[in-house]
Amino acid sequence: MDITFQDLSGTFSTGDIALTLSLSFLLSAMIGWVYRATHRNVSYSQSYVQTLIILGMLISLIMLVVGSNIARAFALVGALSVVRFRNAIKETRDVGFIFLVMGVGMACGTRFYSLAVAAAVAISLIIVVMYRFNWFVLNVQRQVVKVQVPAGGNHTADIQDVLVRHTTEFELVSMETIRAGALTEMTYTVRLKKGGEPGDLISALSERTSGQRVTVLTGYDQTDL
């Protein structure tokens, strides 16, 4: 039996491999720093940023392997289709960064080096500019109001009467029983009137709840009684 092994690595040079992996690492790391610098919320994950860098290098490696071989490309698509991701994406912009590093990795792997650098730098600058000047912000100050009332009574009208006097708009989000059915908890989203304070709303609602708990969530602060 004649067993021969063929190494196809000669289809691209060592310099190509080094340049592709190095450039994809540097550009993905730059994108990771841009993500870190422009992240606003508390959901920041170091693991996610490290995954971005790994993903960019991995895509460039895959593109080197595929090259211009159509059969190899279909084989890799079939192999990768078995991968399932269970982690939920916390923000929609996180998806954009995933596609960005994938695009940069593809450009590096297909040896469009100038395109990879130009695209990574240009898109990163756009992200920084949007963050710096706070583009497309919508200043709508809304609060979440949770009111607990004794079960069995018709307290909805009383609660909404208070909301009409203290807010410009409100919407009932949910209503559920708690404490084995002894209480009913109603959750509203509201916009306080100009100059209105959460404390004033709490005081007015407390008069209608028979001493039960009233909570107003405003931004990251919570006013509670």
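The values are calculated or read from the model by the stated rules, or taken from the named source; none is laboratory data. Model, not experiment: these values are computed from the prediction. When we count neighbours, we look across all protein chains shown, and the Cβ atoms used for this are built from the backbone with ideal geometry, even at glycine. Areas reflect the complete protein model, heavy atoms only, side chains present, ligands, DNA and RNA absent. Shrake-Rupley method; radii C 1.70, N 1.55, O 1.52, S 1.80 Å.
Brief remarks follow.
- Unique match (being more than 22 Å from Thr218 (Cα to Cα), of a type in the set (Val, Ile, Thr) and without any contact (Cβ under 8 Å) to a residue 12 or more places away in the chain) among Val129, Val137, Val117, Val164: Val129
- Meets criteria (at pLDDT 85 or above, of a type outside the set (S, T, N, Q), in contact with a Phe, Trp or Tyr (Cβ under 9 Å, 6 or more places away or on another chain) and closer than 15 Å to Ala107 by Cα) for Ile59: no
- Taken together, Ile53, Ile70, Ile126, Ile98 contain a single residue that is open to solvent by 80 Å² or more (accessible area, probe 1.4 Å), among the β-branched types (Val, Ile, Thr) and at pLDDT 90 or above, which is Ile126.
- Search result, residues across the stretch 178-214 that are outside any loop (DSSP other than H, G, I, E, B), more than 16 Å from Gln143 (Cα to Cα) and touching a Leu at 6+ places or on another chain (Cβ under 7 Å): Ser206
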